[in-house]
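Report on the following structure.
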Amino acid sequence: MKRALKTTSLLIAILLLNFSCSKDDEVLAINLKDVKVTIDENPINGQILGKVESDNSGSLTFSITTQTPAGALSINTSTGELTVANATLFDFETNPTITATVSAKGALNKATVTISINNINELNILDFTTSIDENPTNGDTIGTVEATGDATLSYSITSQTPAGALSINASTGELTVADATLFDFETNPTITATVSVDNAGNTQDISVAITLNNVNELSVQNFTATIDENPTNGQSLGIVQATGDATLSYSITSQTPAGALSINASTGELTVANATLFDFETNPTITATVTINNAGYTQDTNATINLNNVNQLISVQNFTTTIDENPTNGSVLGTVQANSTGTLSFSIASQTPAGALSINANTGELTVADATLFDFETNPTITANISVNNSENTETATATIDLNDLINEIGEFKFGGIIFWLDPSDNSHGLVCAVSDYPTSVNWGCQGTSIAGAYGLQIGQGQANTTAILAGCSTTGIAADLASNSTYGGYTDWFLPSRYALKEIHTHRATINSTAALNGGSDFVTDGFYWSSTQVNSNTAWAIIFNNDGNSNVFNKGASANFYMRAVRAF
């Protein structure tokens, strides 16, 4: 059995030896397989592309014998694995196909490597940020959006805050100011937008951020005003106009003449500080430099105040006084008050009545020139226009002199009537007659009756005569009755004048007629007969004809045709 086993082992060994010898003597056929790969352009270095394979499982050593473009590929010499050696060469636009030849030791052939490149949309963008000063102008260029691609690019703004602030050039990506009013630091310190970039259908968004710099926004205007010279301290001249983005403050840094002006530090209002400097003859123009401060930023403006040359009469006052009538020539009435920076001269431009007044040309003192015109009954008020001149200008004042009526005079309208007689011993007493006759003819009355107590002839006896007539004669409508019931001037103590009192009335009839006309009355009837209260006897009484003669006559008491009555009263 053992022998059999030994024999068997020997045979196997011989067979193995024979087989081994035949393998060493045989040449094996190894074939490499071509590689075809398609990838996207722009891979990364080291990216695996594929593997060169053979139809033999034995170990091989691989190498790249040629490649186009050179340096694009690397190969693992042991495994045949192909990788990207230079990614920049994998660009569709430059090298749409990369090729190589790979050989292996012992291989009967070389493998052809073909790598086809897919064209990828290559859009690259950068967000846009910049800083600019606020308050640009419409159309100002802000910058250009950065983007690259392998096709023609187009740009559009898809959103922005605030709306309407920006515009973009669709072809170049240049950003410009569309609405400059929105570029205000205080309102919109940052302007943002989203810009869409299109690369042949492939779009990407870019963020835009524009930061605004806060600019000191101080705007000022020169100040010019024209005023009359000689203002008052504190008078407002106007406001310096300025605008800024902070609280403004104002100050005067220089002025000519010094001290003329003041300014409100908060409002910029200019006022008169020293009115004496606002004199046309000395300083026809006041100037100043005003500095405006806007949170530390300052700017100067010029202030110019032009003065108008005005009348230097600072004040001229109208003159008014009251004096007694009948002064004496040369009596001082007072002085017209006027002030001026120059020498004044005074003159009377006009006066009523003419010639009544005189004036001192140097002092303005008014005096009586013609005392006869200072009569209350004729001229109760004397007026004049006074011209005041200071060699540059002239102004006019009004002088008014009112007269006091201190004495009673024949012809004056007083005490309800017209004075026709004054008591020689006391001028404050006398007689007045009514301004008008009783409107129709009248009789004396009670003819045939002797009336005791009605025989008084003298001035001052008319009241007693009238009282006696009314007591002794009850007939109504007679002269004494009508006189007693008169109410002229609001008085009720009228009576019929005595013979001699009636004679006084006739004597002054022209003066009485003139005064009556001025006071709503009427003239005496020429050639008319006027009754007195003086009785002659039981049938007759005294009457006077009002013609030039003025004779007293005795007439029957019953006579009435062309007989009139003019009532009188005492004061």
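The values are calculated or read from the model by the stated rules, or taken from the named source; none is laboratory data. The structure presented is a predicted model; accordingly, all values stated were derived computationally and were not measured. With ideal geometry, Cβ positions are generated from the backbone for all residues, glycine too; neighbour counts draw on all protein chains shown. The area values use the complete protein model at the heavy-atom level, side chains included, leaving out ligands, DNA and RNA. Shrake-Rupley method; radii C 1.70, N 1.55, O 1.52, S 1.80 Å.
Here are a few things to note about the model shown:
- Of [x] 1.46; [y] 1.74; [z] 1.02, the label for Rg/Rh (Cα atoms, Kirkwood Rh) derived from the coordinates: [y]
- Heavy atoms of Ser167: accessible area, 1.4 Å probe, square angstrom to 10: 50
- Think of it as helices only: each DSSP H run of n ≥ 4 in the chain is worth -39500 (n - 2.57), and spread over all residues that comes to -3000 deg cm²/dmol at 222 nm.
- Solvent-accessible area per residue for the range 467-564 (1.4 angstrom probe, square angstrom): 43
- The count of lysine pairs in the chain that are at least 8 places apart or cross chains, and whose C-alpha atoms lie under 26 Å apart, stands at 13.
- Dipole magnitude of the chain, debye to nearest 20 (Cβ charges: Lys/Arg +1, Asp/Glu -1, about Cα centre): 1500
- Other residues whose C-beta falls under 14 angstrom from the C-beta of Pro424 contribute a net charge of -4, scoring Lys and Arg +1 and Asp and Glu -1.
- Helix 2-24 vs. the chain, principal-axis angle (Cα, 0 to 90°, nearest 10): 60
- Per residue, the solvent-accessible area of the range 255-411 (1.4 Å probe, heavy atoms of protein chains only, all protein chains present) comes to 47 Å².
- Selection from Asn31, Pro43, Ile382 lying farthest towards where the dipole of the chain points positive, charges on Cβ: Asn31
- Carbon and sulfur %, accessible surface of the chain computed with the full protein complex present, 1.4 Å: 49
- Dipole magnitude for the range 37-189: about 1300 debye, using +1 per Lys or Arg Cβ and -1 per Asp or Glu Cβ, origin at the Cα centre.
- Net charge, Phe278 excluded, C-beta distance under 12 Å - Lys, Arg +1, Asp, Glu -1: -4
- For the range 470-496 versus the range 34-98, the gap between their alpha-carbon centres in whole angstrom: 160
- Crossing angle, helix 509-518 versus the chain [Cα axis fit, 0-90 degrees, rounded to tens]: 20
- Between the range 337-353 and the range 434-452, the alpha-carbon centres lie 61 Å apart.
- C-alpha long axis of helix 462-472 to longest principal axis of the chain, angle in °: 70
- Neighbourhood charge, 11 Å Cβ-Cβ cut-off, centred on Glu409 and excluding it, Lys, Arg +1 and Asp, Glu -1: -4
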